[in-house]
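Okay, structure first, notes after.
Each reported figure results from applying straightforward, stated rules to the coordinates on display, with no laboratory input. None of the values given here were measured: they were computed from a predicted structure. Glycine gets a Cβ as well: all are built from the backbone with ideal geometry, and neighbour counts include every protein chain shown.
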Amino acid sequence: MREVAVVSFAQAKAKRRELDANEVEILMPVVQEAVARSGIPKREIGFTVSGSCDYVAGQPFAFVSALDAVGAWPPISESHVEMDGAFALYEAWVKLQTGEIDSALVYSFGKSSMGDPAAVLNLQLDPYTLAPLGIDAVSLAALQARLLLDSGRYTEKDMAEVVARSRRSAKSNPNAQLRGDVDPATLLAEPYYASPLRKHDCSPVSDGATALVIAAGDLARKVAKRPAWIRGIDHRIESHDLGLRDLTRSPSTALAAERAGARSGRFDLAELHAPFSHQELILCEALGLADGVKINPSGGALAANALMVAGLTRIGEAARRILDGEAKRALAHATSGPCLQQNLVCVLEGN
Amino acid sequence: MSEPVTSIKTPIRLEYSYTAGRASTRFLRGMSEGRILGQRCPLCRKVYVPPRGSCPRCGVATQEEVEISGKGTVTTFCIVRIPSENLSVKPPYAAAHILLDGADIPFFALILECPFDQVRMGMRVEAVWAPREEWTASFGNIRHFRPLAEPDAPFDSFKEHL
Amino acid sequence: MASATQSQGRLTAPHILEYPYRRSVGPVLSRFFTGLRDGEIVAGRSSDGRLLVPPPEYDPATGEPLTEFARVADAGSVLSWTWITAPKRAHPFQRPFAWALVKLDGADSALLHAIDVESDSRLRTGLRVRARWRRERVGDIHDIECFEPF
């Protein structure tokens with residue numbers, strides 16, 4: 001395994017609605033900052049890969065237009081996934097493993113505010129038996145939440161506490177959207193939105209962008225004082241038939257964690273991509289995180305959730321704390337698909 | 001018993017509300033005033049019309065505004081013979097790439113008011129605007145392009161833009 | 001051509017993305033949808049003997065094509081539900097309703113559909129529901145208009 005590290009990270013401030021800038025205008029400063037901070041000249045970066053979803057913008061090939069933010073001349077080696085940028089990172093990591101290149105720029109962006117993200121995500125579903133019903137991502141998550149509560153392993157109060165902690169942690173994150181001190185009891189007094197989920201149990205709609213640069217071995221050591229080494233990265237997917245899955249557990253997260261080497265050793269923090277409060281509970285259980293591990297110090301996806309960006313942001317937030325010397329070992333997670341169908345786990349470590 | 005089901009209709013429909021972005025907003029406001037506004041890259045100095053706020057080559061923001069005339073050159077074209085529901089023009093008609101004087105990238109438009117088989121590379125054309133009272137914040141204020149009574153532009157003057 | 005309109009000094013424009021897809025269903029889903037058109041629910045038998053509905057094209061464990069089918073009841077029990085008070089445009093009802101995972105009698109997996117009921121006070125895990133069939137059926141998932149308590 002070739003040693004690969006995150007050497008820089010940048011993000012746009014998440015906003016409920018970016019009214020002035022288009023995607024390229026949001027993304028360009030983020031890409032420029034990530035490249036500048038990497039210490040690697042842009043033309044020497046070996047590979048560029050993005051994660052985004054054209055349906056968020058409602059435009060076919062929206063991801064191609066986004067290359068205007070990068071400046072693809074002379075022609076660059078480039079790729080794209082119609083998924084969260086975390087999975088674009090995985091592709092970049094694999095490419096570095098081949099030894100063909102020593103560095104890669106990974107970015108993701110999304111202006112979710114232009115449409116209805118929960119409705120956009122309907123298009124991920126089985127097109128014959130599920131999507132035609134018109135069901136949205138929040139309704140699906142709500143069905144999962146009820147199953148979790150019925151299992152007796154967690155309560156609505158546990159969910160409210162996840163939200164309260166997320167908002168509180170987000171106070172120290174200038175890029176988060178929802179922050180503040182909220183009392184779980186106050187949250188529990190709110191009406192249901194899609195029972196048993198309340199509005200605050202669901203991540204906000206956000207516009208945003210994230211970029212990071214990864215580099216291999218000696219190059220990473222040369223450009224970063226404390227590279228955030230990717231010690232393991234793996235992703236697994238479950239059936240697309242929701243009726244066949246145990247929605248109260250996340251076996252794909254557990255397996256990805258095992259394969260990424262996340263089962264052993266201590267973590268200072270874990271950034272988990274849980275767009276719904278009950279999903280953080282499921283993920284923590286699947287990961288078997290020890291007590292005392294700080295969960296989502298950034299506030300997580302409940303504090304800001306630009307579609308297709310939040311997963312890469314988790315990896316970036318975890319890596320940043322290692323790059324800054326705040327943490328030694330971190331776990332980052334990203335999800336894709338309805339009800340935690342597909343999950344990526346990444347173990348990051350400082351020198 | 002009738003035939004087994006072999007297909008199902010699965011229409012999809014999503015609604016969006018777009019905001020124009022900074023560069024497009026400048027351009028569209030210009031359109032509503034009958035002006036064509038491009039933007040110049042601070043590094044390579046190229047002028048883009050319509051502008052998108054960034055130089056696709058350099059990957060930097062463009063801000064300097066450049067007003068462009070409605071006169072330009074056909075860099076390439078094709079004759080369309082397939083009808084389209086969305087167009088009022090009946091085929092065959094000429095669709096072209098037009099490089100406006102002062103701009104560095106061509107854009108797509110129709111050439112009308114001339115026999116389609118007279119359209120050629122290098123042909124000089126000018127924008128035909130809708131009546132002023134119909135102007136909105138839209139590129140559609142320019143209905144099409146028509147020939148200009150000028151000698152053709154030499155190939156060398158546009159060969160970099162093919 | 002679409003033109004932008006002013007909104008608080010900003011240019012905005014609506015955009016509708018529509019695709020009129022018609023999808024060929026293949027032999028397995030053909031059994032399922034033909035069954036729906038005929039007013040019955042067809043499940044597929046997996047390698048471990050379970051009856052799965054909707055039937056998957058390939059066995060979840062072995063990956064082999066499914067070849068055995070059996071009818072299951074059009075009534076069953078609610079495994080999970082959510083009460084929707086503010087339906088979206090694409091939802092099956094524009095009044096409050098529930099989504100549910102329903103374990104049909106005889107089936108070993110859950111079918112996702114809507115439940116039409118006047119209030120969420122009746123909803124609970126384990127509630128017995130039955131399909132409300134459309135009078136005119138064409139062979140798609142909407143042939144079941146929804147489920148309702150009985």
Taking N as the number of residues in region A:182-339, what is its alpha-carbon radius of gyration divided by 2.2 N^0.38 Å? 1.10
Determine one quarter of the surface area of the Cα convex hull of region A:144-215, which equals its mean projected area, and express it in nm² to one decimal. 6.9
Using alpha carbons only, how many degrees (0 to 90, rounded to 10) separate the axis of helix C:26-37 from the longest principal axis of chain C? 90
What is the set of long-range amide H partners of B:Ser138 at a cut-off below 5 Å, with H atoms built 1.01 Å from backbone N? B:Ser32
Taking just the alpha-carbon atoms of region A:47-154, what radius of gyration and Dmax come out, in angstrom? 17.8, 58
Per-residue mean of C-beta atoms belonging to partner chains within 10 Å, peptide A:252-260: 0
How long, wide and thick is region B:51-162, going by the Cα atoms along their three principal axes, in whole angstroms, largest first? 41, 37, 27
Which value does Rg/Rh take for region A:47-106 over its C-alpha atoms, Rh per Kirkwood? 0.99
Report, to two decimal places, the Cα Rg of region A:104-238 normalised by 2.2 N^0.38 Å (N = number of residues). 1.36
Near the amide H of C:Cys146, under 5 Å away, which other amide H atoms are found, from residues 5 or more places off or on another chain, if H is placed in the peptide plane? C:Arg132
Note the per residue figure in Å³ for the convex hull of the C-alpha positions in region A:1-99. 112
Once Rh is set to the Kirkwood radius over Cα pairs, what Stokes-Einstein translational diffusion coefficient, in µm²/s, holds for chain A at a temperature of 37 °C and a viscosity of 0.692 mPa s? 165
Kirkwood hydrodynamic radius, chain C, all distinct C-alpha pairs: what's the number in Å? 17.5
Students often check this: by mean Cβ neighbours within 10 Å, which of B:109-115, A:9-15 ranks highest, and how do the rest follow? A:9-15, B:109-115
Select from B:Thr75, C:Ser109, C:Ala13 the residue farthest towards the positive end of the dipole of the protein assembly as shown; place +1 on Cβ of Lys and Arg, -1 on Cβ of Asp and Glu, and compute about the Cα centre. C:Ala13
Using 1/(1 + (r/R0)^6) with R0 = 56 angstrom and r between the beta carbons of A:Asp181 and C:Glu64, what's the FRET efficiency to the nearest 0.05? 0.50
Name the most mobile residue of A:Ile322, A:Ile233, A:Ile135, meaning the one with the largest mean-square fluctuation, in a Gaussian network model of chain A with Cα contacts below 10 Å. A:Ile135
Treating the angle as unsigned and between 0 and 90°, give the value, to the nearest 10°, between the Cα long axis of helix B:22-32 and the longest Cα principal axis of chain B. 80
In debye to the nearest 20, the charge dipole size for region A:118-195, taken about the Cα centre with +1 at each Lys and Arg Cβ and -1 at each Asp and Glu Cβ, equals 300
Pairing the Cα long axis of helix A:23-38 with the longest principal axis of chain A, what angle in degrees results, from 0 to 90 and rounded to the nearest 10? 60
Amide H contacts of A:Val4 (H built 1.01 Å from N, under 5 Å, at least 5 apart or other chain): A:Gly217, A:Ile230
Going highest first, how would you order A:26-33, A:328-335, A:150-157 by mean Cβ packing within 10 Å? A:328-335, A:26-33, A:150-157
Estimated [θ] at 222 nm from DSSP helical runs (n ≥ 4, -39500 (n - 2.57)) normalised by residues in chain C, nearest 500: -2500 deg cm²/dmol
Take the residue pairs A:Lys13/A:Lys294; B:Lys46/B:Lys159; A:Lys13/A:Lys42; A:Lys95/A:Lys222; B:Lys9/C:Lys88; A:Lys199/A:Lys328 and return only those whose Cα atoms are more than 26 Å apart. A:Lys199/A:Lys328
Percent relative contact order of region B:35-91, based on C-alpha pairs within less than 8 angstrom and at least six residues apart? 31
HN-Hα J couplings of region A:150-167 from phi, Karplus 6.51/-1.76/1.60, θ = phi - 60°, integer Hz, Gly and Pro as x? 5, 5, x, 7, 9, 10, 4, 5, 4, 5, 4, 5, 4, 4, 4, 5, 4, 5
Of C:Glu68, C:Glu57, C:Glu136, which is the most mobile in a GNM of chain C whose springs link Cα atoms less than 10 angstrom apart? C:Glu136
Through the Karplus equation 6.51 cos²θ - 1.76 cosθ + 1.60, θ set to phi - 60°, convert the phi angles of region A:270-276 into ³J(HN,Hα) values in whole Hz; use x for Gly and Pro. 9, 9, 10, 8, 10, x, 10
What distance in nm separates the two pseudo spin-label positions at B:Val80 and A:Trp73, each 7 Å out from Cα along the beta-carbon direction? 2.6
Taking a crude spin-label model, label points 7 Å out from Cα along the C-beta direction, the B:Asp117 to C:Tyr21 distance in nm is 4.4
Evaluate peptide C:106-115: per residue, the Cβ atoms of other protein chains within 10 Å of its Cβ; return the mean as an integer. 4
With x for Gly and Pro, the residue-by-residue ³J(HN,Hα) of region C:59-65, computed from phi through the Karplus equation 6.51 cos²θ - 1.76 cosθ + 1.60 at θ = phi - 60° and given in whole Hz, is 4, x, 9, 9, x, 7, x
Taking springs between alpha-carbon atoms closer than 10 angstrom, which of C:Ser119, C:Ser77, C:Ser46 fluctuates most in the Gaussian network model of chain C? C:Ser119
What's the ranking of A:342-348, B:152-158 by average number of surrounding C-beta atoms within 10 Å, highest first? A:342-348, B:152-158
Can you list the equivalent-ellipsoid semi-axes of the protein assembly as shown, largest first and in whole Å, using the square root of 5 times each Cα gyration tensor eigenvalue? 45, 35, 23
